[in-house]
1. Yes or no: the stretch 153-165 includes at least one residue that is of a type outside the set (A, V, I, L, M) and touching a strand residue (DSSP E or B) at 6+ places or on another chain (Cβ under 7 Å).
2. Taking the options Ala273, Ala277, Ala265, name whichever one is assigned to a helix (DSSP H, G or I), without any contact (Cβ under 8 Å) to a residue 24 or more places away in the chain and surrounded by fewer than 16 Cβ atoms within 10 Å (Cβ to Cβ).
3. Only residues that are β-branched (Val, Ile, Thr) and buried (at least 18 other Cβ atoms within 10 Å of the Cβ): list them for the stretch 313-332, please.
4. Output the qualifying pairs, or none if there are none: Cβ atoms under 9 angstrom, residues six or more apart or on different chains, first residue in the stretch 335-350 and of a type in the set (S, T, N, Q), second residue in a loop (DSSP other than H, G, I, E, B).
5. At pLDDT 90 or above, in contact with a helix residue (DSSP H, G or I) (Cβ under 9 Å, 6 or more places away or on another chain) and farther than 27 Å from Leu222 by Cβ: which single residue out of Val350, Val321 fits that description?
6. Can you say whether Asn353 is over 22 Å from Gly240 (Cα atoms) and surrounded by 13 or more Cβ atoms within 10 Å (Cβ to Cβ), as far as the supplied structure shows?
7. Of all residues in the stretch 319-364, which are of a type in the set (Lys, Arg) and farther than 12 Å from Leu290 by Cα?
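The values are calculated or read from the model by the stated rules, or taken from the named source; none is laboratory data. Quantities reported herein were computed from a predicted structural model and do not represent experimental measurements. FYI the Cβ positions are ideal-geometry reconstructions off the backbone, even for glycines, and counts take in every protein chain you see.
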Amino acid sequence: MAAGSAETEDPTGPIATASLIGHEAGEQAFLDTAAAHRMPHAWLLSGPRGIGKMTLAYRMARHQLSEGSGGGDMFGGPTSLYMAPETKLFRRILAGGHGDLQLIERTENPKTKKMRGDIVVDQIRELGRFFSMTSGEGGWRIAIVDGAEEMNPNAANALLKLLEEPPENSLLILVSHSAGRLLPTIRSRCRQLVLRPLGEADAMTVLEEQLPELAVAERLGLVRLAEGSPGRAMAMAAEGGLKAYSELLDLVRDLPQLDYTAVHALGDRLNRANGEAAYGVWIDLLRLWLSRLTRGGAGLEQMSEAVDGEVALAARLTSSVGLDRWVELWEKIGGLAMRADRVNLERKQVVLNAFMALESTARN
């Protein structure tokens, strides 16, 4: 794979994932287009993080790169893009050894040694050079842009020029977690596939495959918290998210009464030098709980209980305080967290401010 690939000694993640669950309609749309020899020069795969968009992108890429080298007999039939991991093409892509496939994603800034906040124009210019060359194997030249909405304006305009003048036998697969942030002119030049969060049963199947060591009840709690995103559920599992969510609900269970001794203890723990990751998880979970609370209270969806007592607590709080107040609090805590990051506010103070806001809202 060309420069910019996720090449490691032991690759994991979407590039190493053979199976894909819950997106059969998207696969079929691609297969039908390929069978009709009407392949567009660009696809846009959009939807929430962690639902399998990059996994589908690699399956699409393998399919097109297989033309002329064994073709469809590598796959699971006319309704599937499955390719067995032991297949030579699969192994080559996994090892980063296919010259006709390039991955574009945010990279480390060589000067600061930190991850860039966006995809920069030089990366897209390099992509233009990649597409201008003849395929090394006489087939397709394919590029996957992961997090396409993260392109800065110059990069987006450079990509638009590529889309306006696509080289022959080139395929660009844009993967976006927030397609609304892309230029409308980019979206209009792509064949779009909108992928939805997985249903509970499908998400449980993914976690059973990926995290077999977890108890069924723990996997179910993670699936419900992650709201149809197996990738998000696995990230939560790695950070102890379900336990942290249970602890959060224990702290707010008696609202408007709060145990400030426990709140201070939480703040002290998150304020430690090694507490930054846990603090980030805690902020995300607090806003997630408020989001679940308001959506369930508004009747937009039925809350599926992630931990014991969550539904009863939500019913009590939304019956005593208007939903608009909880939505306002969700926005306030999000703003508090962003301001705290900008001015480097002590993490414990953010925790205390958040719980005081919770208490104030619950009393009104």
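1. Looking for residues that are of a type outside the set (A, V, I, L, M) and touching a strand residue (DSSP E or B) at 6+ places or on another chain (Cβ under 7 Å), one finds none in the stretch 153-165, hence no.
2. Ala265
3. Across the stretch 313-332, the qualifying residue is only Val321.
4. Cβ pairs passing all conditions: Gln349/Asn271.
5. Unique residue meeting the criteria: Val321.
6. Values: over 22 Å from Gly240 (Cα atoms): yes; surrounded by 13 or more Cβ atoms within 10 Å (Cβ to Cβ): yes.
It is true that Asn353 is over 22 Å from Gly240 (Cα atoms) and surrounded by 13 or more Cβ atoms within 10 Å (Cβ to Cβ).
7. Narrowing the stretch 319-364 to residues of a type in the set (Lys, Arg): 325, 332, 339, 342, 347-348, 363.
Arg339, Arg342, Arg347, Lys348, Arg363 - these are the residues of the stretch 319-364 that are of a type in the set (Lys, Arg) and farther than 12 Å from Leu290 by Cα.
So that you can scan it fast, the table gives a plain yes or no per residue for (1) touching a helix residue (DSSP H, G or I) at 6+ places or on another chain (Cβ under 7 Å); (2) surrounded by 15 or more Cβ atoms within 10 Å (Cβ to Cβ):
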site: Thr87; (1), (2): yes, yes
site: Arg92; (1), (2): no, yes
site: Leu103; (1), (2): no, yes
site: Asn109; (1), (2): no, no
site: Thr112; (1), (2): no, no
site: Gly117; (1), (2): no, no
site: Ser132; (1), (2): no, no
site: Gly138; (1), (2): no, no
